[in-house]
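> Pasting a structure here, questions to come.
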Amino acid sequence: MALRENQPLSEVGEFELVEAIVDNFPQGEHVLVGPGDDAALVRAPKGHVVVTTDLLVEGRHFRRDWASARDVGHRAAAQNLSDVNAMGGRTHTLTLGLTLPGDLELGWPLEFARGFAEECAKVGASVVGGDVTRGDAIVVAVTAIGTCSVAPVLRSGATPGDVVALCGRQGWAAGGLTVLKRGFRSPRVLVEAYRRPEPPYDAGLQAAEAGASAMMDVSDGLVADARHIAAESRVAIDLRTADLEIPEPLEAVGSALGVEPMDFVLTGGEDHPLLATFPDAASVPEGWRVVGSVGEGSGVTVDGEEFAGAGGWVHF
Ligand SMILES: Nc1ncnc2c1ncn2[C@@H]1O[C@H](COP(=O)(O)OP(=O)(O)OP(=O)(O)O)[C@@H](O)[C@H]1O
Ligand SMILES: Cc1ncc(C[n+]2csc(CCOP(=O)(O)O)c2C)c(N)n1
Ligand SMILES: [Mg+2]
């Protein structure tokens, strides 16, 4: 029987659901056995294997009235592709776990799969397997596997004298989320940035090749995540607000809602720009901007001052 997108999953059947989802996932040349067996079989590439996993929970990471299923698919892939990018690697393979309520219409997982596939296609990665189960809320569990063709860049390699640089949008998603929380839908560009982050997928390898000493993606907040590099590298990091650009739509939202726009930039997460340290300004590649410096000591300061608060998102 033909499936309809408005059919509740409880009437679709598990294997029909899996087949309909998997139909969206083309398999790359490196995949020897894709979805359908007990496990996938992927040709082992040369270099290091990079592995990362991330969860998205309905109500916590997304709301169905704030983002389409396709948007959530893009985000679920992007946040995993970004973690591999942040090591200087590139994702070749992903697995996708979905917990779905029985009364959810088939259209949701299918639109999700389309968005997920579109994001994976940006780096040429294949979705080789996954799992579906029934549960009260939507939970998405993604694992990404990639390769580092050069030495991977860890959080622990920053040394005093390095410069701190950023590549990609920062603060936009937080601006979009704030707008949605207040019941608005514009500025559209910020809401879209929250719905579909655009991590700089080519910048991880670019930074690694340029000699980045430490790197991570900013998922929780700029200050919060800079603290991870500072702690792992046993150094102090100072961020300079004069070098952190505030895009025009963030200025507009700041004044409309009475929020200091620099707060979005300093504490916003989910844009997934790359934050890295380089031995000197001359080695910072094109497309990156220097936003701070590494010194002796510990912790993160902003314009030389202690930053009060979490500096970003914490779950517990
Ligand atoms: N349940 C867990 N079991 C094993 N390791 C974990 C677990 N949860 C987190 N970790 C590890 O702790 C480190 C920090 O995890 P975290 O999820 O904060 O990563 P992140 O890249 O900073 O953020 P994001 O979740 O946005 O990717 C990672 O190396 C991760 O693998
Ligand atoms: C509906 C809704 N409410 C709040 C937020 C904000 N938020 C949730 S998790 C997170 C940090 C990254 O999490 P993780 O470390 O789990 O990847 C942020 C900034 C959202 N995205 N959606
Ligand atoms: Mg990360």
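> Within region 8-27, which residues are assigned to a loop (DSSP other than H, G, I, E, B) and buried (at least 17 other Cβ atoms within 10 Å of the Cβ)? It would help to see each step written out before you state the result.
At the first step, the residues of region 8-27 found to be assigned to a loop (DSSP other than H, G, I, E, B) are 12-13, 23-27.
Once the filter is applied, which keeps residues that are assigned to a loop (DSSP other than H, G, I, E, B) and buried (at least 17 other Cβ atoms within 10 Å of the Cβ), region 8-27 yields VAL12, ASN24, PHE25, GLN27.
> Something else: Condition test on VAL128, is it out of contact with any helix residue (DSSP H, G or I) (no Cβ under 9 Å at 6 or more places or on another chain) and outside any helix (DSSP H, G or I)? Give the derivation first.
Numbers: out of contact with any helix residue (DSSP H, G or I) (no Cβ under 9 Å at 6 or more places or on another chain): yes; outside any helix (DSSP H, G or I): yes.
For VAL128, the condition - out of contact with any helix residue (DSSP H, G or I) (no Cβ under 9 Å at 6 or more places or on another chain) and outside any helix (DSSP H, G or I) - is met.
> Could you tell me which numbered condition VAL139 fails, if it satisfies all but one of (1) over 18 Å from the mean Cα position of the chain (by Cα); (2) more than 16 Å from LEU81 (Cα to Cα); (3) among the β-branched types (Val, Ile, Thr)?
So VAL139 meets the others, but not (1).
> Do the conditions hold for THR53, that is, is it within 23 Å of the chain's Cα centre (by Cα), farther than 30 Å from PHE278 by Cα and polar (S, T, N, Q)? Even if it seems obvious, please write down each step before you answer.
Numbers: within 23 Å of the chain's Cα centre (by Cα): yes; farther than 30 Å from PHE278 by Cα: no; polar (S, T, N, Q): yes.
Here the answer is no, as THR53 does not meet what is asked.
> Something else now. Could you identify the single residue in LEU222, LEU244 that is in contact with a Leu (Cβ under 6 Å, 6 or more places away or on another chain) and closer than 22 Å to ALA86 by Cα? Reasoning before the result, please.
Details: LEU244 fails: in contact with a Leu (Cβ under 6 Å, 6 or more places away or on another chain).
One residue alone meets the criteria, LEU222.
> Ok, one more. VAL150: under 26 Å from PRO45 (Cα atoms), within 16 Å of the chain's Cα centre (by Cα) and part of a loop (DSSP other than H, G, I, E, B), yes or no?
Spelling it out, it is not the case that VAL150 is under 26 Å from PRO45 (Cα atoms), within 16 Å of the chain's Cα centre (by Cα) and part of a loop (DSSP other than H, G, I, E, B).
> Given the options ALA256, ALA276, name the one that is more than 16 Å from LEU166 (Cα to Cα), surrounded by 12 or more Cβ atoms within 10 Å (Cβ to Cβ), more than 16 Å from ligand 2 (Cβ to nearest atom) and of a type in the set (A, V, I, L, M). Can you show your working first?
Values: ALA276 fails: more than 16 Å from LEU166 (Cα to Cα).
Testing whether each residue is more than 16 Å from LEU166 (Cα to Cα), surrounded by 12 or more Cβ atoms within 10 Å (Cβ to Cβ), more than 16 Å from ligand 2 (Cβ to nearest atom) and of a type in the set (A, V, I, L, M) leaves just ALA256.
> Quick test for you: out of LEU96, LEU32, pick the one residue that is in contact with a Phe, Trp or Tyr (Cβ under 8 Å, 6 or more places away or on another chain) and part of a strand (DSSP E or B). If you could, list the steps in order and put the result at the bottom.
Details: LEU32 fails: in contact with a Phe, Trp or Tyr (Cβ under 8 Å, 6 or more places away or on another chain).
Going through LEU96, LEU32 in turn, just one is in contact with a Phe, Trp or Tyr (Cβ under 8 Å, 6 or more places away or on another chain) and part of a strand (DSSP E or B): LEU96.
> Out of everything in region 131-147 that is part of a strand (DSSP E or B) and among the hydrophobic types (A, V, I, L, M, F, W, C), what residue ends up being farthest from PRO285 (Cα to Cα)?
Just the residues of region 131-147 that are part of a strand (DSSP E or B), to begin with: 131-134, 139-147.
Pick out the ones that are also among the hydrophobic types (A, V, I, L, M, F, W, C) and you get 132, 139-142, 144-145.
Working: VAL132: 42, VAL139: 38, VAL140: 35, ALA141: 33, VAL142: 30, ALA144: 26, ILE145: 26 Å.
The extreme case among them is VAL132.
> May I pose another question? Pairs please, first residue from region 47-64 and in the same structural domain as MET87 (by TED's automatic domain parsing) and of a type outside the set (Asp, Glu), second anywhere and at pLDDT below 95 and surrounded by fewer than 18 Cβ atoms within 10 Å (Cβ to Cβ), Cβ atoms under 7 Å, 6+ apart in sequence or on different chains.
Note: pairs meeting the criteria are GLY47/SER149.
> Please note which strands (runs of 3 or more DSSP E) are completely contained in region 168-281 and include at least 2 residues that are over 16 Å from the mean Cα position of the chain (by Cα).
Working: elements: 214-217, 236-239, 274-278.
Hits in region 168-281: 236-239, 274-278.
> Also, I was wondering about something else. Could you tell me how many of the residues in region 129-144 are touching a Leu at 6+ places or on another chain (Cβ under 7 Å) and either at pLDDT below 95 or crowded, with 19+ Cβ neighbours inside 10 Å (or both)?
Going through region 129-144 one residue at a time, the tally reaches 5.
The rows are residues; the columns are (1) within 19 Å of GLY168 (Cα to Cα); (2) touching a strand residue (DSSP E or B) at 6+ places or on another chain (Cβ under 9 Å); (3) modelled with pLDDT of 95 or more.
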{"position": "ILE237", "(1), (2), (3)": "no, yes, yes"}
{"position": "ARG240", "(1), (2), (3)": "yes, yes, yes"}
{"position": "PRO273", "(1), (2), (3)": "yes, yes, yes"}
{"position": "PRO279", "(1), (2), (3)": "no, yes, yes"}
{"position": "TRP288", "(1), (2), (3)": "yes, yes, yes"}
{"position": "GLY304", "(1), (2), (3)": "no, yes, yes"}
{"position": "GLY312", "(1), (2), (3)": "yes, no, yes"}
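> Next question. Under the condition of being part of a strand (DSSP E or B) and closer than 19 Å to VAL18 by Cα, which residue from region 35-55 is farthest from ligand 1 (Cβ to nearest atom)?
From region 35-55, those part of a strand (DSSP E or B) are 35, 37, 41-42, 48-55; that's our starting set.
Among the residues that remain, those that are also closer than 19 Å to VAL18 by Cα are: 35, 37, 41.
Values: PRO35: 25, ASP37: 27, LEU41: 25 Å.
Per the criteria, the residue is ASP37.
> Also, quick follow-up: Can you spot a residue in region 116-125 that is at pLDDT 95 or above, assigned by TED's automatic domain parsing to the domain that holds PRO45 and under 22 Å from GLU14 (Cα atoms)? So that I can check it myself, show each step before the final result.
Taking region 116-125 as the starting set, the residues that turn out to be at pLDDT 95 or above are 116-125.
Restricting the remaining residues to those that are assigned by TED's automatic domain parsing to the domain that holds PRO45 gives 116-125.
Next cut, under 22 Å from GLU14 (Cα atoms) only: 116-117.
Checked against the condition, which is being at pLDDT 95 or above, assigned by TED's automatic domain parsing to the domain that holds PRO45 and under 22 Å from GLU14 (Cα atoms), region 116-125 yields at least one hit.
> Next question, about the same structure. Which residues, taken from region 127-180, are more than 27 Å from ARG227 (Cβ to Cβ), polar (S, T, N, Q) and out of contact with any His (no Cβ under 7 Å at 6 or more places or on another chain)?
THR133, SER149
The values are calculated or read from the model by the stated rules, or taken from the named source; none is laboratory data. Since the model is a prediction, treat every value here as computed from it, not as a measurement. Here the Cβ is made from the backbone with ideal geometry for all residues, glycine too, and neighbour counts use every protein chain on show.
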